[in-house]
Each structure stands twice: as C-alpha cells, then as structure tokens.
Amino acid sequence: MEVILTVEHLRKHFSAEPVLADVSFQLRAGDKVGLVGPNGCGKTTLLNILAEREESEKGTIDKASSISIGYLEQRPETGSKRTVLDEAKIALAPLVEMQHEAERLAEQIAQETEAAASASLMIRYDRIHESLMRHDAYHLDHRIEKILHGVGFIDTDLIKPVSALSGGELNRLSLAKLLLEEPDIMLLDEPSNHLDLLATEWLENFLHDTSAAVILVSHDRYFLDRVTNRTLELFHGTIDDYPGNFTKYTTLKEERLAVQTRTYEKYIEEVEKAKEFIRRNHYGMKAAQAEDRRKKLERLQETPADLPRKIESPPMHFNKPSRTGDIVFRCEEVSKGFTNQPLFRDLTFDIERGQRWAILGPNGCGKTTLLKCLLYQLEADTGKVIHGQGLNIGYFDQQLHVLDDSLMVVDAVRPKSKKIFEEPARRSLLGAFGLTGDQQLQTVASLSGGQRCRAALALLSAEDANVLILDEPTNHLDLWARAALEKAVRDFEGTVIFISHDRYFVDKVADHLLIIQPDARFKVLDGNYTDFRHMVAKGLMADPFSGELKTDISELKQKNVEVRPPAKKNTVNKAPKADKKPVKESGTPRTPRKFPYRKITDIEEEIFARETHILMLNDDLQRPEIARDGEKMRLIHQEIKEEQEKIKLLYEHWEEANTRNS
C-alpha cells in the first residue's frame, strides 16, 4: 500500500526527560493502527503533533498536500448555538457547496443558447457530478442521520442546541463530525469514551470498513482487537512497530522481549568478563591480552545493547480470603424501580462461593442499583436479598468515595478494620498497585484518575475481604494495569461480583453473567462475554444492547405481547430456598407429563426469541407500506396470534418443567 505519512526522529520535552525522544514510523493508506503505551508515555502529545496542534523540537512529518488529517481530541469545544443536526452538517460543508454549484450549473446550462458555452458548462457539471457520486453526496441527509444515530443520538436529540449538550454528548458529536468528514487519516484519542455498547460496536464496524487510515489510542482492548491490524508501542520516547491487533501484539511482544532480554544479558556478561580479566591481568604475563580485552571492552561500550523494552505491570494481589458459606448471596424475586419506572423485577438467583459474576446491561438499567441492594445500601421494593454466612465484603465504588481526599495516600489505605497496619506494610501494598516513591506522600486530592483508582484498589486489598463487589474497577487504568487486575481477580479465591464496560475484562474474568434486559427482565448465563455474544449470534438470547427491546411493561401490553413474570427459580444454580426444604412423599406417583422433556433454559430461550419476534412484527405494522396493504396486515396479525398461542404453550411447558425440577 502507498505510504501517505512519514514521521522521522520526532523529539519533544516537557521536563528534563523527553516525552518523545526519537519517534519514527510510516503510515500506509488503509492502515488501522493501535497506538499503545503506559499512561503518561506521550501518546496524546504525539497525536497533537501529527495534527499540528503542537510543534516538535526536532524531526520531520512528511505527507502529500492532498492528504487530509482529522483529529478527535478528548475535550471538544462547546458554545455553538446551532442544533446537533446543523452542527453535524458543517462537516460536509464542501460537499453541500458542491451540490449548490451543480444546481447553479444546471440552471445556466438550461438557459445557455450558445453551443460552445453550453459544452463548457456541461464539462464542468459532469466533473462535479462525478465527484458528488463518488462521495455519495446525493444522500447527505441520510448519511448524517445514520452516523448521528450510530454514535448514540436519537431523533429528538437532533434538534437540541449544541450548547445544551452534556460533556459526553459533545464528545459523541465531535466523533460524528469526524466520521462524516472521513479524512484520509483519522487520529482518534479514546473514541469509545461516552459510547454505550451498541454505539461502540457500530463504531468498530465503521472503522473496520472505512478506507481511511486510522491511528487509534484506546484502553479498550476488545475495541483494539476488532479494529486494528497494526500496533505501534510508544515507550521511553521511541516507537516499536508490530503487525497485527492488540492480542497479536501481546504475543509478539513476549517473544521480542525474550530475545531482547537474552541479548542484553549476554552483553552484560561479556562486559563483566572483560572487566574481570582486565582487573586480574592488567600487570603480569597476560598484560598484552588484558590490553586487547580493554580495546574490546571499549568497542562493546561504544555500541551497548538496548535495555529490554519491558513495560512493568504492577503485581496486584488480593489476600487469601476466609471461608464463607456455600451460598454467598440469594436473591428472591427482587424488584427495584424509581418514579414508577422498573429497573429490574423478580430477580431470583444464587451466587455461590468462589464464583465470579459480571452484571451486564445497557446504561441506566439499574446495574449499580442492584449492587447497592446486594450491599443493603438500598432496600428492594419487593423480594429479599439474603447474605450467606461469614461474609466480609469489600466494595469498590466507581466514584471512589472510599478515599479521604485530605489524607496522604500512604495514610488513606489504612482500613478501619485494622488497628495495626504499619507504614512499611502500607508502602509495600501501594507499590504492588503501581504507586511508588513520592506518589505515596501526595494527598489523595492531587492524584490523577488512574492513580486514585490504584489507591482505592490497594485499600480494597488491605481490607482482607472474602467477597469483592467491584463497580467499574478498570476506569482510568492503562492496558498493563488492567491486565494485572485481571490476574489478581482470577487468582482471588473468594467470590466476585462486578460491573464493567471493559468487554475484554469481562471475557477474562467472569464465569457467570447476570444480563439485565431493558424491559426489566433478566437472564442468567454460565460463561463469559464470548459465550454471551455467541448465544446472541445464534438467536438463542435477545441482545439487551441492540435497541430492539427498549420498551417497558406497558409498551409490551400495548403491542399485544402477553407479559408474564420471569422464572422464579435460578436455572443455573438450583439450590433450594433458605427457609424451605424439598419434600419427597414416599409412594406418591408423580403427575404424568403433558409435554415432552426439555431443559428449562431451552424453553426460556425460545420464549425470549418468540417475544422478540412479536415486537418486530408489531414494528412492521407501523410501517406505511404495510399499513396500506390490507393482505399483509392480515397476515402479520395472524402470525402474531400464532406466536402468542405458541408462547402460551411454552409458558405452560415451563411451569411443568419447573414444578418437576423443584
């Protein structure tokens, strides 16, 4: 592929040590590059220099004048009085102007009577028309709305003034404008921040399909894996280039690091041997040989082996937990909502000792509220939460309220439960979570987001909990700290319940999922994020992030969907309720089956799929072309009726299967 950007020997200082020491690389047309490196290594500085927002002290950036660069920064400007839709149109101003020019030329051609002048106008018109066709400029309104919807705006948002948008909405609008411009090179700094999962997946597909070259900074490893085909590692001010996405990079990095380590160790060994020989034989019969070794040593030291490019992961850990009861949490028909809007209803499940549960669901579905119900910080509207025996719960609050801003970090990680926890032990603990030296003596208020997160995790470790409840624990952590936290949580022998938007983290850590649907239903699934996506792809489970189920109970009733309570029994963990024991009556025959044997989970999945199908059929009834066709209307109503009858039988089947399994 054609090289469209060449960067050579960039250098930039902000202090004694350079942020960029000697950065060189090339970018080819269509490259999708992940720019990775630990927090503070200079990734944003490099993007600013490439976008000509900052100047380098040394080095060159070469590109053809026809190559355009677009930059998505983390903090967009505010203040525009235009609507969201009008602001987005600015990104396509050149094409809009080209459309107007084509219209003017068409009018002139219609009025021109002289053949030569008319021919000249036609040539100009054809050239502009060809350009408009190439850029699909005759469908601009559709293109604008498609991209605004893609990044998470709904129709009512499009008429909002930009000045009324939140910070997250402004970031999404800036992203939409850049995608509409679709420059030759896109520089993206954390583009998935402020996007829900549906919008993130839409963006992944857009970037994968675009012909533009992309340089992407992101802490979302799943995002990097799906978008990038090349990885640039920025570390100690220089770039290392790797083919492949983030997962491929981590594999190649280990291999390259092993070679670098062996080479460096061999170099050190040769230097030490030469020094020792010279020291022993500087005077005496081997003095001439010692002089030869001295010259060899000088040559070695003139071209020293590079230090291995090892990016250290903090050795995070949680202490060995005390034992709890077999059942850690039992939820029985737990419901919670606010202002008559249900968040979740009739949640019934058991969490057993040693399991790691992730709670998944769209923004605003009540995930954090559920955690607070488990912690007894909020009272459920109906149902009850039962704690097992011997629980010592450690809670990581995503707002990090557990830390006292006024204290030094080394004092803020002293848990209230430990009267004796000496400063050396606290310093060692902070070091294990990546806070070292002077960072330990700063006040909590002066910490960066990533440092504050590490301090809160260190405090959590100090509490010696046997149950960890984590609300977005990876926020603000770089890629290496996230990997360290994953390992620490996997190695922890207690029970873990967590919320995370980091799909990679969920995939690596979770062995159970609780998936809250937008209509307040829920689903329990053995497995991790990959298992969840597989179930969705096979049509075995509705996707709560798809936007197709964004209805509440009243809407379901309006659409003729029969609403029934979800399963009253956890289909994964079939432990009996705490206050009841199953009774077996000797010699009493069981009622004959009405339906053939099926797994409860299979029945629930079919119910889910058919109810989702009814929602889609009702949406079809609202389409104008269907409303005008009486025969199609009749057939859809008939199909809805048939589906409802099948669902009714499925619920009877479920009742029988559930009763026989009790």
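The values are calculated or read from the model by the stated rules, or taken from the named source; none is laboratory data. A quick note: this is a predicted structure, and the numbers were derived from the prediction, not measured. Here Cβ is always computed from backbone atoms with ideal geometry, including for glycine, and neighbour counts include all displayed protein chains. Please note that ligands, DNA and RNA were not included when accessible areas were found on the heavy atoms of the full protein model with its side chains. Shrake-Rupley method; radii C 1.70, N 1.55, O 1.52, S 1.80 Å.
Here the translational diffusion coefficient of segment 321-378 follows from Stokes-Einstein with Rh set to the Kirkwood radius across Cα pairs; for 10 °C and 1.306 mPa s it amounts to 126 µm²/s.
Here the Debye sum runs over all C-alpha atoms of segment 306-436 as equal scatterers in vacuum, and log10 of I(q)/I(0) at q = 0.11, 0.12, 0.14, 0.19 Å⁻¹ comes out as -0.59, -0.69, -0.87, -1.18.
Exposed loop sites were defined as chymotrypsin sites (Phe, Trp or Tyr not before Pro) in DSSP loop states (anything but H, G, I, E or B) carrying at most 14 other C-beta atoms within 10 Å; in the chain the longest segment without such a site runs 15-282. Approximating the spin labels as points 7 Å out from Cα along Cα→Cβ, the ALA305-to-SER15 distance works out to 3.0 nm.
Rounded to two decimals, what ratio of Rg to Rh does the chain give with C-alpha atoms and a Kirkwood Rh? Don't skip to the answer; put the middle values down first.
Details: Rg = 31.2 Å, Rh = 29.7 Å.
Result: Rg/Rh = 1.05.
Take every DSSP beta bridge with both residues inside the chain and express the antiparallel ones as a percent of the total, to the nearest 5. The answer is about 55 percent antiparallel. In loop segments of segment 1-59 as defined by DSSP, the GluC sites (Glu not before Pro) with at most 15 further C-beta atoms inside 10 Å of their C-beta are GLU2, GLU52, GLU54, GLU55, GLU57.
Summarising the amide proton neighbourhood of GLU54: residues at separation of 5 or more, or on other chains, whose placed amide H is nearer than 5 Å comprise ILE49.
Taking K and R as +1 and D and E as -1, what net charge do the other residues with C-beta under 11 Å from the C-beta of PRO191 add up to?
Numbers: positive: ARG172; negative: GLU73, ASP189, GLU190, GLU204, ASP220.
Local net charge: -4.
Karplus-based coupling profile of segment 13-28, in residue order and whole Hz: 10, 10, 8, 4, 8, x, 6, 10, 9, 6, 9, 9, 5, 10, 10, 9, with θ = phi - 60° in 6.51 cos²θ - 1.76 cosθ + 1.60 and x standing for Gly or Pro. Close lysine pairs were tallied over segment 262-390: pairs 8 or more places apart or on different chains with Cα atoms under 18 Å apart number 16.
Estimate the FRET efficiency between LEU391 and ALA64 by the formula 1/(1 + (r/R0)^6), using the beta-carbon distance for r and 56 Å for R0, to the nearest 0.05.
Values: r = 64 Å, r/R0 = 1.14.
For LEU391 and ALA64, the calculated efficiency is 0.30.
Computed from the Cα positions only, the extents of segment 240-360 along the three principal axes stand at 94, 39, 23 Å, in decreasing order.
Largest first, the three principal axis extents of the alpha carbons in segment 85-232 are 63, 38, 19 Å in whole numbers.
Could you put THR156, THR530 in order of accessible surface area, largest first, with the 1.4 Å probe and the full protein assembly present? Each step should come with its number before you reach the end.
Numbers: THR156 95, THR530 70 Å².
Descending accessible area places them as THR156, THR530.
Evaluated at q = 0.11, 0.16, 0.18 Å⁻¹, a Debye calculation over the C-alpha positions of segment 19-143 (equal weights, vacuum) places log10 I(q)/I(0) at -0.67, -1.00, -1.10.
Hey, if we sort VAL3, VAL413, VAL536 by accessible area with the 1.4 Å probe, largest down, what's the order?
Working: VAL3 60, VAL413 0, VAL536 30 Å².
So the residues, ranked largest to smallest area, are VAL3, VAL536, VAL413.
Report, in debye and to the nearest 20, how large the dipole of segment 435-491 comes out about its Cα centre when Lys and Arg carry +1 and Asp and Glu carry -1 on their Cβ.
Working: 5 positive and 8 negative charges, 26 e Å.
About 120 debye.
Counting only protein heavy atoms and a 1.4 Å probe, the chain has 52 square angstrom of accessible area per residue. Residues whose amide H comes within less than 5 Å of that of SER192, counting only those at least five positions distant or on another chain, are absent (H built at 1.01 Å from N in the peptide plane).
Quick one: pull the percent of accessible area on the chain belonging to carbon and sulfur, 1.4 Å probe, ligands and nucleic acids left out. Mind showing how you got there, number by number?
Numbers: 16940 of 34130 Å².
Answer for the chain: carbon and sulfur cover 50 percent of the accessible area.
So, counting K/R as plus one and D/E as minus one, what does the shell of residues with Cβ under 12 Å around LEU403 add up to? Taking every Cβ under 12 Å from that of LEU403, the sum is -1.
If you filter segment 364-471 for GluC sites (Glu not before Pro), then keep DSSP loop positions with at most 12 other Cβ within 10 Å, what is left?
Working: sites: GLU379, GLU422, GLU463; in loops: GLU379, GLU422, GLU463.
Sparse-neighbourhood loop GluC sites (Glu not before Pro): GLU379, GLU422.
Near the amide H of VAL214, within less than 5 Å, lie the amide hydrogens of ASP31, LYS32, VAL33, MET186, all on another chain or at least 5 residues away, with H placed in the peptide plane.
Which FRET efficiency, nearest 0.05, do GLU130 and MET285 yield, Cβ-Cβ r, R0 60 Å? List each step's numbers first, then the result.
Numbers: r = 87 Å, r/R0 = 1.45.
The pair GLU130/MET285 has a calculated efficiency of 0.10.
Loop only by DSSP, 15 or fewer other Cβ within 10 Å of the Cβ. Give me the trypsin sites (Lys or Arg not before Pro) in segment 1-56 that pass, ordered by residue number. Mind dumping the intermediate values first?
Numbers: sites: ARG11, LYS12, ARG28, LYS32, LYS43, ARG53; in loops: ARG53.
Sparse-neighbourhood loop trypsin sites (Lys or Arg not before Pro): ARG53.
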